[in-house]
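**Q** One structure, as structure tokens, below. Some questions next.
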Amino acid sequence: MTAHYDQQPVLQARGLVKRYGSVTAIDHADLTLYPGEILAVIGDNGAGKSSLIKALSGALVPDEGEILLDGQPVHFNSPMQARELGIETVYQNLAVSPALNIADNLFLGRELRKPGILGSVFRMLDKKAMEERAQAKMKELGLMTIQNISQAVESLSGGQRQGVAVARSALFGSKVVIMDEPTAALGVKESRRVLNLIKEVRDRGLPIILISHNMPHVFEVADRIHIHRLGKCAATITPESHTMSEAVAIMTGAMEVDDSSAAA
Amino acid sequence: MSSANPKPSAPVLDHDKVADQAGSGSYVANFESKDSALTRFQKFLHKYPVAAPTIVLVFAIIGFSLLVGDRFLHPFNLSLVLQQVTIIGVIGVAQTLIILTAGIDLSVGAIMVLASVVMGRMAIDHGLDAGFALLIGISVGALAGLINGTLITRFKLPPFIATLGSWNVFFALNLWYSKSETIRSQDIANNAPLLQWLGETISFFGARLTYGSLLMLALFFLIWYALNWTAWGRHVYATGDDPAAAKLAGIRTDRILLSVYVLAGVVCAIGAWVLIGRIGSVSPQAGYTTNLDSITAVVIGGCSLFGGRGSIYGTLIGALVVGVFRNGLALAGVDVLWQEFTVGILIIVAVGVDQWIRKGTA
Ligand SMILES: Nc1ncnc2c1ncn2[C@@H]1O[C@H](COP(=O)(O)OP(=O)(O)OP(=O)(O)O)[C@@H](O)[C@H]1O
Ligand SMILES: [Mg+2]
């Protein structure tokens, strides 16, 4: 599936601001995500990438600015509200519960209950349905090297845990999937698997915002690259329009870009 | 981008650092090293937290039946053990809920005694209907839990400190309201027999079970169901396991914590009713060791004090372990002080085992 830049953006941020005391983590930042694309967000440590996507996913409430989903202004006070509108996030710190099993983690906060009186009166969980759907999703994403869906997440390797977090976003995301450094701390093989997962999710039609420090990864999978610097967007480029070293130069401020909408 | 490779022990938690991708593939292999028998045992205990206390319980029962003979294994004696652990068991249910959220409640004993005094005075001194007096007592328990929960969720006090404070407050209120006087068993029997009802027994095969013990078992079942078969239960575990992750998954952890403390308060008040049934009278001085006993049962039962790990029936087994040791040692003619000594050793060993299990799979 190819991106559609002539269409209305799926998700748009305009003039977002977030201050932590004297630190301005987001400083009038803009971001545009089009249907069917992978938008990479790169930037130095502390540039405010995580803060920006937390604002988009409801994990923090921006002080100023607006967020548009399908052109409509939205306000998120909690991650749950963003999730209900179809925005799924894989957080930098993963946000899985190690002691819970894979199926529990996939459905955490959105558990399925048994039909009928067992579910409505006794609030009984439909563990079987959740396990089956979890199993199906893991299989679909090629994650079935994980043998047992009811094994605790802490017994998984780093890459497998990452897979669980990605599977959760793919299972519930209907509009946008946001991933904050999904390949950091992973080995070569496991990074590869997660990258394939990301492409897989995009090919299913979900646009993705991908934060990464890994330039080869970014240039491999991204359709467009949003370069974040000092709390705002310094430029938006494409892997074709600029080289990796140019991207790094923009990121560190060594190179100025006058036409920041070059790629959009 | 010069940060070191993440350590093999914490590949995921190190996420905020920038991982140097090249050359970090080798640690993956560490996950699949061959396990020794000891490591496998460690993993087994980790997967089944109730296994360790169950093994201890089985060995204790075998040990004491060899040591003191048939007297120990007699159904009457075994049902006596159950009676002796009923109060610890009920309060242990409350304590388990709280410890699963990585908290601790030092006020459970005080809530129980306060509720029992309220029940007794409402029924005897104020002449209320016993059922109504029970309801008021249970509301007092809920209110006490609400106060603890509010201190912890709204004012962000550490549970240890919040409940250390409320323990003293509840205990003082209890002395004030009871005027430090005991309500005699005879008065309760004449005016509000319902309050003592849980002390009544049913007999079969030489065993004598109190309704209180049956209520305790029912409570264990109810909370087991809630923890394992409802979304609320999953959220309690998730909150104790990693509150930040739970929050990002959309769980309102403060609400979960508040509900847990209120429920624990209600369970403590039910414990008050059991207490009146067990000792017959209402005494402001009763059951003040219950606090530590309940923590003992939970810890021996395999719940981790760090939250998110453990099961409710572990606490039942933990309480039984304590009961069996006390009873067995008493039958063997061992001095009370050595019973306390043994329970102390059990606690230390249980926490040591928990640490060992956690270290092996971190
Ligand atoms: N909860 C917080 N309280 C105070 N300051 C914060 C908080 N979160 C972020 N900041 C500050 O905001 C700035 C941006 O942080 P953010 O985590 O968004 O950066 P980042 O671009 O994601 O960095 P990295 O690449 O290291 O993940 C930093 O200066 C950071 O110190
Ligand atoms: Mg970040």
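**Q** Restricting the search to segment A:33-44, which residues are in a loop (DSSP other than H, G, I, E, B) and more than 8 Å from ligand 1 (Cβ to nearest atom)?
**A** Those that are in a loop (DSSP other than H, G, I, E, B) and more than 8 Å from ligand 1 (Cβ to nearest atom): A:34, A:35, A:36, A:37.
**Q** Restricting attention to segment A:61-80, which residues are acidic (Asp, Glu), in a loop (DSSP other than H, G, I, E, B) and open to solvent by 70 Å² or more (accessible area, probe 1.4 Å)?
**A** Passing the criteria: only A:63.
**Q** Just checking, does segment A:168-175 include any residue being within 25 Å of residue A:10 (Cα to Cα) and either touching a Cys at 6+ places or on another chain (Cβ under 8 Å) or within 16 Å of ligand 1 (Cβ to nearest atom) (or both)?
**A** No, every residue in segment A:168-175 fails to be within 25 Å of residue A:10 (Cα to Cα) and either touching a Cys at 6+ places or on another chain (Cβ under 8 Å) or within 16 Å of ligand 1 (Cβ to nearest atom) (or both).
**Q** Give me the residue from segment A:81-104 that is open to solvent by 10 Å² or more (accessible area, probe 1.4 Å) and among the hydrophobic types (A, V, I, L, M, F, W, C) and, out of that set, farthest from the other protein chains (Cβ to nearest Cβ).
**A** Of everything passing the filter in segment A:81-104, A:85 is farthest from the other protein chains (Cβ to nearest Cβ).
**Q** Now, a different point. Please report, ordered by residue number, the helices (runs of 4 or more DSSP H) entirely within segment B:241-346 with at least 2 residues that are within 20 Å of residue B:93 (Cβ to Cβ) and over 11 Å from the mean Cα position of the chain (by Cα).
**A** B:253-279, B:312-331
**Q** Out of curiosity, is residue B:65 at pLDDT below 95, assigned to a helix (DSSP H, G or I) and under 25 Å from the mean Cα position of the chain (by Cα)?
**A** Here the answer is no, as residue B:65 does not meet what is asked.
**Q** Being more than 15 Å from ligand 2 (Cβ to nearest atom) and of a type in the set (Lys, Arg) is the filter; apply it to segment A:1-50 and report the residue that is nearest to the chain's Cα centre (by Cα).
**A** Among residues in segment A:1-50 that are more than 15 Å from ligand 2 (Cβ to nearest atom) and of a type in the set (Lys, Arg), the one nearest to the chain's Cα centre (by Cα) is A:14.
**Q** State the number of residues belonging to segment A:1-32 that are within 12 Å of ligand 1 (Cβ to nearest atom) and open to solvent by 20 Å² or more (accessible area, probe 1.4 Å).
**A** 8
**Q** Here are B:92, B:69: which of them is among the small types (Gly, Ala, Ser) and without any contact (Cβ under 8 Å) to a residue 40 or more places away in the chain?
**A** B:69
**Q** Quickly run through segment A:122-146 and pick out the residues that are within 13 Å of chain B (Cβ to nearest Cβ) and at pLDDT below 90.
**A** Those that are within 13 Å of chain B (Cβ to nearest Cβ) and at pLDDT below 90: A:145, A:146.
**Q** May I pose another question? Kindly indicate whether any position in segment B:331-341 is open to solvent by less than 30 Å² (accessible area, probe 1.4 Å) and either modelled with pLDDT of 90 or more or not polar (S, T, N, Q) (or both).
**A** No.
**Q** Between B:214, B:258, which is surrounded by fewer than 18 Cβ atoms within 10 Å (Cβ to Cβ) and more than 8 Å from chain A (Cβ to nearest Cβ)?
**A** B:214
**Q** Of all residues in segment A:50-60, which are open to solvent by 10 Å² or more (accessible area, probe 1.4 Å) and either more than 11 Å from chain B (Cβ to nearest Cβ) or more than 7 Å from ligand 1 (Cβ to nearest atom) (or both)?
**A** Within segment A:50-60, A:51, A:54, A:59, A:60 meet the criteria.
One line per residue, one yes/no per condition, for (1) open to solvent by less than 10 Å² (accessible area, probe 1.4 Å); (2) within 14 Å of another protein chain (Cβ to nearest Cβ); (3) over 29 Å from residue A:4 (Cα atoms):
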residue	(1), (2), (3)
A:152	no, yes, yes
A:202	no, no, no
A:221	yes, no, no
A:241	no, no, no
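Table: residues versus (1) within 16 Å of ligand 2 (Cβ to nearest atom); (2) within 15 Å of the chain's Cα centre (by Cα); (3) open to solvent by less than 30 Å² (accessible area, probe 1.4 Å).
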position: A:130; (1), (2), (3): no, no, yes
position: A:149; (1), (2), (3): no, no, yes
position: A:166; (1), (2), (3): no, yes, yes
position: A:180; (1), (2), (3): yes, yes, yes
position: A:229; (1), (2), (3): yes, no, no
position: A:237; (1), (2), (3): no, no, yes
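**Q** For residue B:247, all conditions in the list (1) touching a helix residue (DSSP H, G or I) at 6+ places or on another chain (Cβ under 6 Å); (2) in contact (Cβ under 8 Å) with a residue 24 or more places away in the chain hold save one; what is the number of the exception?
**A** (2)
**Q** Further question: Do the conditions hold for residue B:234, that is, is it of a type in the set (D, E, K, R), more than 9 Å from chain A (Cβ to nearest Cβ) and touching a helix residue (DSSP H, G or I) at 6+ places or on another chain (Cβ under 8 Å)?
**A** Here the answer is no, as residue B:234 does not meet what is asked.
**Q** Taking the options B:245, B:238, name whichever one is in contact with a Gly (Cβ under 8 Å, 6 or more places away or on another chain), open to solvent by less than 60 Å² (accessible area, probe 1.4 Å) and not basic (Lys, Arg).
**A** B:238
**Q** Exactly one condition in (1) out of contact with any helix residue (DSSP H, G or I) (no Cβ under 6 Å at 6 or more places or on another chain); (2) at pLDDT below 95 is false for residue B:154; which is it?
**A** (2)
**Q** In addition: Restricting to segment A:182-200, and then to whatever is closer than 26 Å to residue A:69 by Cα and open to solvent by 10 Å² or more (accessible area, probe 1.4 Å), can you tell me which residue is nearest to ligand 1 (Cβ to nearest atom)?
**A** Step by step, filter segment A:182-200, then rank; the result is A:199.
The values are calculated or read from the model by the stated rules, or taken from the named source; none is laboratory data. Predicted model, so just to flag it, every value in this text is computed and none were measured. Please note: Cβ atoms are built from the backbone with ideal geometry, for glycine as well, and neighbour counts cover all protein chains shown. Ligands, DNA and RNA are stripped out before the accessible areas are found, and what is left, the full protein with its side chains, is counted by its heavy atoms. Shrake-Rupley method; radii C 1.70, N 1.55, O 1.52, S 1.80 Å.
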